Amino acid sequence: MEVRDDFPILKRKVNGKTLVYLDNAATTQKPKQVIDKVSEYYKEHNANIHRGIHKLSEEATNEFEETRKKIAKLIGAKEDEVVFTRSTTESLNTLAYSSLRSLGEGDEVVLSVMEHHSNIVPWQMLQEKGVKLNFVDINPDGTLKMEQFEELINKNTKIVSIVHASNVLGTINPIADISKIAHDNNAIMIVDGAQSVPNMKIDVKKLGCDFLAFSGHKMLGPTGVGILYGNNFDNVEPFLRGGEMIREVSLREAKWNDMPWKMEAGTPNIAGVAGFGEAIAYLERTGLSKIRKHETELVKYATKKLEDLVTIYGNADKTGVVSFSMNAHPHDVASLVDSEGIAIRSGHMCAQPLMDRLEVPALSRASFYLYNTKEEIDKLVTALEKVQKVFE
Ligand code: PMP
């Protein structure tokens, strides 16, 4: 795709070689439009939002609220259904902490074995209240065992929380089908969209979910900006309390503000949100369907080139992710390819239960985004061939 010139970091040298950045599932690089926006915000508009009745505060508030509108449009939501958090992790914790108050003995939560730690560890807290966690397993191709949703979701199930696209296997899960089973049983459907919203056109109505969590930094935006979409926050207790989120406070009580501000205590990452607005504009100009097509081509190309050299995990319909093992430990693989200027991820990728399920201690992962090329994959293949020889 004709976008590389927009990304200053891609010109960087690492260990004397031009950077090949293949760690996009961890975080993506930022185009100059986003970097300039953050800098312009601080140079021209910096003020706190929703408070001061002065020009700068008005401008900063506009930037912030305009981004909320863009996000709402991007995912087919209403503005007051979009809450700013710090990350996917914070969005999911918000829901887990709220459930900690409302759920108890006899209630159940359904998750899957392919979840990122941020969609497992917060729910583990609920076990203190006697809530039972149930996990849907995977098939050998990395898809979910769909029949297990029918078996595990019942009248005791209060929450079903599932990743839309796996950060390890890349598998894109049939969320609409899972939402239907959840709703037929009066359970709330939560989706971890950290790896799907950046890579495909999402419509929350089509997904049929009640909540969707994702992070701006995985889709060209600055770090420190997360989103929690929800179609009904009536029963969600604010996780953070303090300024901004109140309507009225006395010494012993407080009344909450309207949505979405009820969920946004304290001064947010205003510059980051302004930058995220620019990132969304950039993705929309480029076209999410084009990005998805490009990534699919790269995954196909990488799979073909790598399949004789490494073992690839997950071969269903997937995002731009290729996780693999080979004759060397993943940490050695990552550090040897780093010496060629190539950035890939290695380790458990915040999915230790999935590593246990796959019976591997760790994996290596190359993950692609709109600026990656087949030539970069060729460089990775050459570097991995070298690794293979070293460990023969
Ligand atoms: N869920 C998935 C599937 C992810 O890939 C990630 C990030 N690796 C997260 C959640 C957590 O995102 P963040 O670190 O931005 O909170």
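The values are calculated or read from the model by the stated rules, or taken from the named source; none is laboratory data. The structure displayed is predicted, hence computed values, not measured ones. Quick reminder, even Gly has a Cβ in these numbers, built from the backbone with ideal geometry, and neighbours come from all protein chains shown. Just the protein is used for accessible areas: all its heavy atoms, side chains included, with ligands, DNA and RNA removed. Shrake-Rupley method; radii C 1.70, N 1.55, O 1.52, S 1.80 Å.
Remarks
- Label-point separation in nm, HIS117 to MET1, each point 7 Å along Cα→Cβ: 3.0
- Nonpolar atom fraction for region 36-283, defined as the carbon and sulfur part of the 1.4 Å probe accessible area, stands at 49 percent.
- DSSP assigns beta bridges within the chain; of those with both partners inside it, close to 60 percent run antiparallel.
- Intensity falloff of the chain expressed as log10 I(q)/I(0), Debye formula with alpha-carbon point scatterers, at q = 0.07, 0.09, 0.14 Å⁻¹: -0.33, -0.55, -1.24
- Distance (nanometres) between label positions extended 7 Å along Cα→Cβ at SER39 and GLU105: 6.1
- Each part reduced to its alpha carbon centroid, region 282-308 and region 84-117 end up 31 Å apart.
- Peptide packing: for 226-232, 376-382, the average count of neighbouring Cβ atoms within 10 Å per residue gives the ranking 226-232, 376-382, highest mean first.
- Across the chain, the relative contact order, built from alpha-carbon pairs under 8 Å that are at least six residues apart, equals 23 percent.
- Selection from ALA279, GLY16, ILE162 lying farthest towards where the dipole of the chain points positive, charges on Cβ: GLY16
- Cα-projected label distance for THR18 with ASN327, points at 7 Å along beta-carbon direction, nm: 3.1
- Charge-dipole axis of the chain as Lys and Arg at +1 and Asp and Glu at -1 on Cβ define it, positive-most pick from MET355, MET259, MET1: MET1
- Between the beta carbons of GLN124 and ALA26, assuming R0 = 22 Å, the FRET efficiency works out to 0.40 to the nearest 0.05.
- For region 183-257, GluC sites (Glu not before Pro) are listed when DSSP marks them as loop and at most 10 other Cβ atoms sit within 10 Å of their Cβ; the list is GLU253.
- Potential extension, ALA47-GLN352 segment - 0.36 nm per residue separation minus Cα distance: 105.6 nm
- Helical mean residue ellipticity (222 nm; -39500 (n - 2.57) per DSSP H run of 4+; nearest 500) of the chain: -11000 deg cm²/dmol
- Full extension of the segment from GLU151 to GLU392, taken as 0.36 nm per residue of separation minus the current Cα-Cα distance, would add 82.2 nm.
- Radius 15 Å from Cβ of ILE188, net charge of other residues (Lys, Arg +1; Asp, Glu -1): -4
- Mean-position separation - Cα centroids, region 1-67 and region 180-213, in angstrom: 28
- Farthest towards the positive end of the charge dipole of region 36-283, among the residues ALA72, MET189, SER39, is the Cα of SER39, using unit charges on the Cβ of Lys, Arg, Asp and Glu.
- Label zone at ILE9, where the point sits 7 Å out along the Cα-to-Cβ direction: region 165-179 residues whose backbone N lies under 20 Å: 167-168
- Stretch gain in nm, segment VAL249-THR296, where the contour uses 0.36 nm per residue and the Cα spacing is subtracted: 11.7 nm
- Distance violations [Cα-Cα > 31 Å] among LYS13/LYS389; LYS293/LYS379; LYS69/LYS379; LYS180/LYS304; LYS201/LYS389: LYS69/LYS379; LYS180/LYS304; LYS201/LYS389
- Here the dipole of the chain is about 740 debye; that uses its Cα centre as origin and unit charges on the Cβ of Lys and Arg (positive) and Asp and Glu (negative).
- Here is the list for region 108-200: trypsin sites (Lys or Arg not before Pro) lying in DSSP coil, each with at most 11 other C-beta atoms within 10 angstrom of its C-beta, are LYS155.
- Percent antiparallel among DSSP beta bridges (both partners in region 136-274, rounded to 5): 55
- Where GluC sites (Glu not before Pro) fall in DSSP loop in region 79-165, at most 13 other Cβ within 10 Å: GLU105
- Around ASP356: net Lys/Arg minus Asp/Glu count, Cβ-Cβ under 14 Å: -2
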